[in-house]
Structure formats: C-alpha cells, structure tokens
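The next block holds one structure in the form of structure tokens; read it before the comments.
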Amino acid sequence: MTTTTLLLSTTLFISKPLSFSITTTTTTTTKPLFPSPLKFSSIFVPSPRPHKSPFIVRAVEGDGDSGGPDDYDMDEEEVDELDNKRDYDVEYDPLASSSAGGLDEDITMVDSKSFVFTQGWDSEMVVDYRIDEDEFHKISLMECDFFIRKPPDPDNDVYDFREMYVTPPDTDIYAIPKVLAPMPQKYIRCAKSDYGCYNVTEPPIDAPRDPMYKSDREIHKVFLTKHFRNRRLGDLEFVLDFEEIYVIDSKTKSITRAKVLVTLPRNRDRKNDLLVIRDNGNSFRIIHASERDDPTTVIEREEWVKSREDMERHLSKLRDFSVSNWF
C-alpha cells in the first residue's frame, strides 16, 4: 500500500495587485454681480417697473454642466446634494468589485441563454443535447472529462457548480455526474490542483531497440480549493480557504466536498495554514506551518510503516500466530 502526503500552502500564487482609484473633479462656476441701474424722475416719485433679477449668471467657458436657466434655480443645499450624487454615479465592473471588500463578497450572477440547471437530475443520465465547451471549465482526468460552467471573468477562475457534465475522454456524450455533497448555489473562485501519479513503462526485454522508458501523468483526482472570501489572485490579502475543497474523482466520475480536519482556532491568520493530504487523496488536515515536517522525516516514517507491514507479512508465513512479538 502506497501512502502519499501532499503539503500545500495558502499563498501559492503571487501577482501584482490590482488598484482602483476614483477621481472626482469639481467645477467652480463664477457668477459676477452687476446691479441693475435705477432711474428716478426729476420731479415725481419713480414710476413702478416690472421686477428684474439684480443678478446676471454666466457660465464659464468649458463648463460641461452648464445648461438652461433652470439649472441654476437651486439653493446651496440642493447644489451640494446634486454634486454628491454625481460623485457616486460611477459604473463599476460587478466581477471586479467583488475583491475590493473585506467581507466574503458574492460575485454577481450573469444570465446566460444556454444555461441549464442540472442539480437534482439523475446521475449518469445522458442528455440529448450538446454543450458549448468554451463556456465550461474542462477538467481532464484519467478516465473521464469533467465540465463545470465558466462564467465570464478575466481571471478565468470562477466556477458555477449549478451546471456540470461528465464524458468519457475526448467524446461528446454528456452525462450528469454523481454529486455526493451539496454544491454551492453561487459563483465562487477556485484554484485547481491535480492529484495523480506517473506511470512508467519499461521497454520489453526481447526488443532492445524499442523506445526507452516512457512516463505518463495519470490524474486520478482534481481538487478545487476556494479562494478565501472570493478574493482575486492579485489581491494583497489573497489566500486559499482550505476548509472548502471540492474533490473530483476520475474513477467514480463524481464530485464531492472534502471533509477537512481543522486543528487550529477559527480566528487565525490563514496565511500560516498548511494542508496535509494523505491516504490517496481521502484524508485532509489543516496544521500550522511551523508544524511542517522535514521531507526526509516524512519519507522515513512512511517507509518504516511500509517495511514493517512487509516484514510482518513475510513472518506470518513462518508462524502460527498473526502478530510478531519482535515488533
């Protein structure tokens, strides 16, 4: 029995952070004052005249907000309220703004004409239509291809688990995969990692001129680890949320959520988290980065367990009892 241990850190990627700036320009309008002249009669009391505004308002050249005369029939408080409203009338990218906040931001859902809600359908049921594979994340495994809907996003790391398919390798026979755990109903950002082994093919003995050793990468499982609080890869506070991992299995053609054992307090610095994967990708445990073992120590410990099992298996053939007293 071969046991593999993987150590993953939350800060797997480093890229230049994105920065946004909003500049508000305030335009000052100059209103010169020109008092209207008053005319008096030389003998009698001045005759009544129609009331005229004692102010003349002119717009500064280049003032984009200058309109008709009604634009200036507001008091000072109304003008300030209008300016504040204009300052915040800024169009934001709904997907780009999700990484700006400190809370767990929800990514804005985008309507698609080709979207089909497949959750709750019978597993392994073959659908009677074809999909546009460009609209999906294609995850190639050893025994199947997995498709998860891909919402439009520049980072190409947003997953929509509401629509998923599975096919034999490089075919167009789309079926519903086995869903072994509740899937999220919203968009989430995930980092993809492979779990597999290398298959080394040796040349036959009777044909020495055949090609030399050939190594093939066999991917048995794929892990989709959620970005902590859906932050973008370029965020300064970007880390992976090891408590939420989705496992795609090639052999069973299924997807489930991993059961992760957390040995650290919840209000911790997640940058120091270390994920330990064992038992062929079935055991997950989060430890502190300071508890990381040296690779040589891990190999020696695993080899000791394997060698002990092999020795016990050999000695069991020579005794009547099953457990060796030597150990």
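The values are calculated or read from the model by the stated rules, or taken from the named source; none is laboratory data. None of these values were measured; they are calculated from a predicted model. Glycine gets a Cβ as well: all are built from the backbone with ideal geometry, and neighbour counts include every protein chain shown. Keep in mind that these areas ignore ligands, DNA and RNA; they rest on the heavy atoms of the full protein, side chains included. Shrake-Rupley method; radii C 1.70, N 1.55, O 1.52, S 1.80 Å.
Quick notes on this structure:
- Only one residue of 287, 196, 239 has its Cα farthest out toward the positive end of the dipole of the stretch 175-316, where Lys and Arg carry +1 and Asp and Glu -1 on Cβ, and that residue is 239.
- Accessible surface, the stretch 129-256, averaged per residue in Å² (probe 1.4 Å): 49
- Within the stretch 155-200, the proportion of C-alpha pairs whose separation exceeds 15 Å stands at 65%.
- Looking at the stretch 102-181, the pairs of alpha carbons with a distance over 17 Å make up 47% of the total.
- The slack between residue 117 and residue 318, meaning 0.36 nm per residue of separation minus the straight C-alpha distance, is 66.3 nm.
- Highest mean packing first, where packing is the average number of other Cβ atoms within 10 Å per residue, the peptides 297-308, 228-239 line up as 228-239, 297-308.
- Apolar share of the accessible surface for the stretch 215-307: 48 percent from carbon plus sulfur atoms, 1.4 Å probe.
- Gain on full extension, evaluated as 0.36 nm per residue between residue 300 and residue 140 minus their Cα-Cα distance, stands at 54.3 nm.
- Taking Lys and Arg as +1 and Asp and Glu as -1, the other residues whose beta-carbon sits under 10 Å from that of residue 131 total -4.
- Oblate is the label for the stretch 222-279, because a/c, from the alpha-carbon gyration tensor with a ≥ b ≥ c as root eigenvalues, is 1.5 or above and a/b does not exceed b/c.
- The orientation-averaged projection of the convex hull spanning the C-alpha atoms of the stretch 109-155 amounts to 4.6 square nanometres.
- Highest average packing first - 271-280, 285-294, Cβ atoms within 10 Å: 271-280, 285-294
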